[in-house]
Amino acid sequence: MALKARALYNFQSENKEEISIQENEELVIFSENSLDGWLQGKNSRGETGLFPASYVEILRSRAGSSYTDCSGSPAGSPGHESSFYVSPPDPGISYQGSFEDDDDDDWDDWDDACTVVEEPRGAPGTNGHPSPSLQHPAPYGHQYAGYRPKPALERQDSMSSSKRGSVVGRNLNRFSCFVRSGVEAFILGDVPLMSKIAEVYSIEMGSRGPQWRANPHPFICSVEDPTKQTKFKGIKSYISYKLTPSNINSPVYRRYKHFDWLYNRLLHKFTVISVPHLPEKQATGRFEEDFIEKRKRRLILWMDHMTSHPVLSQYEGFQHFLCCRDEKQWKLGKRRAEKDEMVGASFLLTIQIPTEHQDLQDVEDRVDAFKAFSKKMDDSVLQLTNVASELVRKHVGGFRKEFQKLGNAFQAISHSFHMDPPYSSDALNNAISHTGKTYETVGEMFAEQPKNDLFLMLDTLSLYQGLLSNFPDIIHLQKGAFAKVKESQRMSDEGRMDQEEADGIRKRCRVVGFALQAEMNHFHERRVADFKRMMQSYLKQQIIFYQRVSQQLEKTLRMYDNL
């Protein structure tokens, strides 16, 4: 039975089986049972096709609210409690188990009930991170809140119960990323201190402010040889990628599902870091050569950003992903990563900051400047993406057709000159005919050129669209921390809070502030290198292309010299 639904987010179709939807657009759903995370329906323009189930909410009348039905996912199947949709997806973020991957995997324990990939997904905080009070990510493109009762925690301030009444007020909006990420709890001292913290990530002062301490053992990792493989006697097919880290120079083979697992662990752990988005999934055509090549290019860029990040590159789960070749050890490391306690707000406990004093107002001004910059850059990246995408379409379609038309017209002129033999010049006719063929060749060269320049530009722009989309939530964390500092100082001045507690809030706010500034500096460092490389590559390929066109035309021109 057809159901009414509303689009929660924009979705741009990638192929003819999908349709585009816009935020708040009214939709018709043909069946509420999703197929591996995709629904089939019709948009307001009458177009019929597929779109992600997690991008829409089905409109129902139940207790006066609308919710997303989860009957098509494991969380909504018999034996699971139904739960409400709370987690905003992002087109650049990939989800486990869509059309891309079957439920079975090379590793026997991928689908064990104890693994993270089968637990309900909670609402993300910053950068898509689930709240510390929620369970781990779920498969099949759906995100559901699975609330789990938490034991009482001892405050970091070790406040006496008599002082609890003066605690800074909590945000009323419990769905704010400042709350969901656990950063509010960290700022207020409600994240328990661990007896032993094995991992430490240091921030030091550089020439442009706080920066992450460099990885003492830097490395790179190649992504090569996407290969179609099958199992179950050909019933299941998938693409594997050969990864070769430079620090061990020994290859491992990973599927996209493995990348997706790692990506979810990164989102779950690193609260204040802009984790690069994985290349998007596609409902159909995942074994087509163009799609495989596109995904490989974008995985190369993703891997480059991962290995260059001083914090992400040292993450134990990432190292396990890159280096583990033994199945038994893989299972142990995988479960260890999923049981990691230093995630979300607890990750902030692993950060060591410099002793240098920073005025909080100066930090806020710096963050505001970056916020304005990132918004403007996001707009300009989107503008360039649209222009480059349109140019690709013209290269593949319009330009080729126009040059073919010109070539055919020259061929027609040559053919007409043959109609009156006494005055016919074979040399001239052949030269004009060859000119027509040359322009047809030039048309084909235009059609093939985007593979050499525009595709690489679009890959970089796509990566930065994902990175930039992470920062509003990360900046919101800092804004929330600033507000708590101001509120605590006001309460201290009014005698409603001990100065010691207010100082503790300010100290923890400094951790969030230093981490955000370090992430901002890393972003700028990568941005300069990436866009320099992107522009140099584009211009070099453009020069080579027009030199090849010029050579074709010069060769044709010489045919007229001795007429």
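The figures follow:
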quantity: Relative packing of 250-258, 308-316, which averages over residues the other C-beta atoms within 10 Å, highest first; calculated: 308-316, 250-258
quantity: Accessible-area composition of region 360-560, carbon plus sulfur, in percent [1.4 Å probe]; calculated: 56 percent
quantity: Inter-centroid distance (Cα atoms) of region 298-319 relative to region 188-240, Å; calculated: 5 Å
quantity: Relative packing of peptides 477-485, 180-188, 325-333 - highest average C-beta neighbours within 10 Å first; calculated: 180-188, 477-485, 325-333
quantity: Non-local Lys pairs in region 221-352, i.e. 8 or more apart or on different chains, that have alpha carbons under 12 Å apart; calculated: 6
quantity: Base-10 log of normalised Debye intensity for region 392-538 (one unit scatterer per alpha-carbon) at q = 0.10, 0.15 Å⁻¹; calculated: -0.64, -0.89
quantity: Charge dipole of region 420-481 about the Cα centre (unit charges at C-beta), most positive-ward option of G443, I432, N470; calculated: N470
quantity: Test item: Cα-centred dipole of region 396-484, Lys/Arg +1 and Asp/Glu -1 on Cβ, debye; calculated: 500 debye
quantity: Gain in span if fully extended, H415 to F545, counting 0.36 nm per residue against the direct Cα distance; calculated: 43.7 nm
quantity: Rounded percent of accessible protein surface that carbon and sulfur make up, region 3-59, 1.4 Å probe; calculated: 44 percent
quantity: Theoretical gain in end-to-end length, N33 to Q536 [0.36 nm per residue, Cα-Cα removed]; calculated: 176.3 nm
quantity: Accessible carbon and sulfur surface of region 221-352 relative to its total accessible area, %, 1.4 Å; calculated: 46 percent
quantity: Accessible area (Å², per residue) of region 248-367, counting only protein heavy atoms and a probe of 1.4 Å; calculated: 37 Å²
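The values are calculated or read from the model by the stated rules, or taken from the named source; none is laboratory data. For clarity, every value in this text was computed on a predicted model and none was experimentally measured. Glycine gets a Cβ as well: all are built from the backbone with ideal geometry, and neighbour counts include every protein chain shown. When the accessible area is computed, the model is the full protein with side chains, heavy atoms only, and any ligands, DNA or RNA have been set aside. Shrake-Rupley method; radii C 1.70, N 1.55, O 1.52, S 1.80 Å.
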